[in-house]
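Here the structure is laid out as structure tokens; the discussion comes afterwards.
The values are calculated or read from the model by the stated rules, or taken from the named source; none is laboratory data. The shown structure was predicted, so the numbers you read here are calculated from the model rather than taken from an experiment. Methodologically, a virtual Cβ is constructed for each residue, glycine included, from the backbone with ideal geometry; neighbour enumeration extends over all protein chains shown. We work out accessible area using only protein heavy atoms, side chains counted, and drop any ligands, DNA or RNA first. Shrake-Rupley method; radii C 1.70, N 1.55, O 1.52, S 1.80 Å.
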Amino acid sequence: MSINSFGHLFKVTTWGESHGSAIGATIDGCPPGVELSEADIQPWLDRRRPGQSKYTTQRKELDKVKILSGTFEGVTTGTPIQLFIENQDQRSKDYSEIANTFRPGHADLTYHLKYGIRDYRGGGRSSARETASRVAAGGIARKILADIAPDIEITGYLIRIGKLEIDRENFSETTIQENDFWCPDKTMVPNWEKYIKELRKSGNSVGAMIEIIAKGVPAGLGAPLYAKMDSDLASGLMSINAVKGVEIGIGMQAAEIEGIENADEIFLEDDKISFTSNNAGGILGGITSGQDIVTRFAVKPTSSILSERKSITKAGSSTTVSTRGRHDPCVGIRAVPVGEAMVACIILDHFLLHRGQIGPNSGTIL
């Protein structure tokens, strides 16, 4: 397994397994001279960590991060930063019954077919536990962005659980932090609460849709043709466990409308470039336009459910599988801070690429 990294200049490599002794990340390309401590990273991990809500997995992990290298006297040195997060609440015995059986919807079968060996304890490397490493890396990215691009704000929230979607007329950014669902529509919260309770009781699960907006991103970031901002965002978000679809701007809806509706008209207002709409999601030709970057990603239902599903064993015999253990009825709930972290890392990476190749934007509007 050789491809465990993403990024061009700000390069993140994650390591570790769900039920191993620890997980972590190595960050290469962090600029020197940035004040950085565990306290800058921990709040982002605290937003993601399991066991905080009755609507998510009850696995109890403190997710305390340690910086092992890359800083001196509280400041980054420009050398690789090594992050370490200890696993403390593994229950590997929960998975002993599926050691020789492939769980439907999981990566068990494909890992076995590719490598001839798999870590059946919680999925090993394919577990969503790996995303804690990304969130830690995202904490560093946010810290750097706060220094070099303080106007950038990255906010994620749930817009749909199953068929229950928010009403955008009720959208309130302050509401996002006031409930367990990262929901911007307070009228939808009780409906989601009831739905998730019913799913947990029945041993079932459901998918979700997350939207992320990055405000204050300057124009000019993104490098055509093979390092477009939107292609790197799509790749990064799609790499998150259980993600099955990514949209930029209006996304798939663009296939339903005509050009006269889709094109975001451009005009000058107080000598500044403005647009009549943002169907493009803040990216044109792979390069940021200065508008808000808008992206969404769909997370499939948690594959670990109590209902018996048909499968096969390593020996080739037919069987049924009922997955026990502690699982999220909707893994999309905890995917919000993961998506934010990936967007932060990718935007920073492109900011550094742009600064290294171009410096200040060279194009002007007279």
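Share of Cα-Cα pairs in the chain beyond 38 Å, in percent? The partial results should precede the final answer.
On the way: 13377 of 66795 pairs.
It works out to 20 percent of all Cα pairs.
Between K197, K163, K11, find the one with the highest GNM mean-square fluctuation for the chain; connect C-alpha pairs within less than 10 Å.
The residue with the greatest mean-square fluctuation here is K163.
Within the chain, what's the longest stretch lacking GluC sites (Glu not before Pro) that sit in DSSP loops with no more than 15 other Cβ atoms inside 10 Å?
Result for the longest clean stretch: 74-257.
Just to confirm the number: angle between the C-alpha axis of helix 189-202 and the first principal axis of the chain, 0 to 90 degrees, nearest 10?
The angle comes out near 30 degrees.
Give the Rg/Rh ratio for segment 283-366, taking Rg as the radius of gyration of the Cα atoms and Rh as the Kirkwood radius, to two decimals. Kindly include the intermediate steps, with their values, before the conclusion.
Details: Rg = 22.2 Å, Rh = 17.6 Å.
Taking Rh as the inverse mean 1/r over Cα pairs, Rg/Rh reads 1.26.
Given only helices, namely DSSP H runs of n ≥ 4 each adding -39500 (n - 2.57), what is the per-residue ellipticity at 222 nm of the chain, to the nearest 500 deg cm²/dmol?
-7500 deg cm²/dmol
Percent of accessible area on the chain owned by carbon and sulfur, 1.4 Å probe?
Of all accessible area on the chain, carbon and sulfur atoms account for 52 percent.
Excluding ligands, DNA and RNA, what is the solvent-accessible area per residue of segment 283-327 at a probe of 1.4 Å, expressed in Å²? Can you show the working numbers first?
Details: 2250 Å² over 45 residues.
Counting only protein heavy atoms, the per-residue value for segment 283-327 is 50 Å².
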